[in-house]
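J.: Before we start, here is the structure in question, set down as structure tokens.
The values are calculated or read from the model by the stated rules, or taken from the named source; none is laboratory data. Given the structure is predicted, the values throughout are model-derived calculations rather than measurements. Every residue, glycine as well, gets a Cβ built from its backbone with ideal geometry; the counts of neighbours run over all protein chains shown. The accessibility values were calculated without ligands, DNA or RNA, using every heavy atom of the protein model including side chains. Shrake-Rupley method; radii C 1.70, N 1.55, O 1.52, S 1.80 Å.
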Amino acid sequence: MSDTPKSEQRSPDQWTGPAKWAVIGVVAITFMVMFKSELGNMLGRAEEVSVSADGGVTVKLATVKTPLGETVLSNTGAELTQPGAQGKPAPLPESAMAQYTDPSYGYSLAWPQNGNWLRDDAIAQQFGAALVVRHRQAYGNFTPNVNVTLEQVGGLTVDTWMQAGNATFAAAGFQLVSMQTDQATQSGVRVTRHTGVQGVLYQIQRVIVRNGVAFVVTASKLEQADAPGLYEQMGQILNSFQVG
């Protein structure tokens with residue numbers, strides 16, 4: 001596959017209208033609003049999960065609970081899995097997954113190569129995203145997707161940058177569900193909620209700040225849209241993201 005065009009920084013008014021996500025569900029807003037506790041009871045920090053890596057090294061993946069289940073907080077990506085023996089998850093074989101690694105910035109994202117998820121460079125270019133992986137099925141005017149955007153942030157920390165867009169996001173009608181940052185890995189998870197003409201849209205974002213760039217991977221979930229395994233797979237795609 002050809003390289004995906006690098007994203008361009010967009011002004012807020014190009015991304016904040018409800019009509020944008022109502023059309024294709026690709027949300028590339030890179031702002032966050034202040035924490036509100038109204039929906040906070042559905043989210044919370046989970047215990048760290050031990051993952052076996054090559055050489056017997058144990059890597060701790062800090063996770064938070066989101067509408068997509070356990071979402072990785074740290075910069076370390078989680079592997080795609082499938083049902084294994086005795087109901088335990090097993091790694092998805094490389095032949096059954098697709099993975100993109102950006103040659104310039106070093107970030108990577110993986111998704112199941114099962115015909116349900118497609119890399120869409122045309123939509124990525126249209127919306128100024130670096131990468132878009134979308135579900136093959138649309139629900140009305142909404143297409144479930146995971147997209148990657150990049151933004152130059154200079155010397156800002158992940159916490160400062162995520163807090164910087166509070167007023168912009170709130171003015172666009174997005175409610176913050178939760179925000180969690182990890183200063184040690186300069187990463188964070190944020191969840192927003194928007195009620196629009198098609199129902200309730202959740203955006204679950206993982207943010208990693210590295211070398212003056214904010215890497216933002218966003219999964220867009222519409223409550224009214226569902227299919228067998230759809231959001232389980234979306235959660236795994238989101239968790240696979242990492243910056244090398």
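J.: What's the local net charge at residue 117, with K and R +1, D and E -1, over the other residues with C-beta under 9 Å away?
T.: Combined, the nearby Lys, Arg, Asp and Glu give +3.
J.: Can I ask one more? For region 163-244, calculate the relative contact order in percent as a whole number, restricting contacts to Cα pairs under 8 Å that are 6 or more residues apart.
T.: Once normalised by length, the contact order is 19 percent.
J.: Hey, what's region 133-211 come to in accessible area per residue, 1.4 Å probe, Å²?
T.: Per residue, region 133-211 has 36 Å² of solvent-accessible surface.
J.: Can I ask one more? For region 227-233, take each phi angle, set θ = phi - 60°, evaluate the Karplus expression 6.51 cos²θ - 1.76 cosθ + 1.60, and give the result in whole Hz per residue in order, putting x for glycine and proline.
T.: Running phi through 6.51 cos²θ - 1.76 cosθ + 1.60 with θ = phi - 60° gives 7, x, x, 4, 7, 5, 5 Hz.
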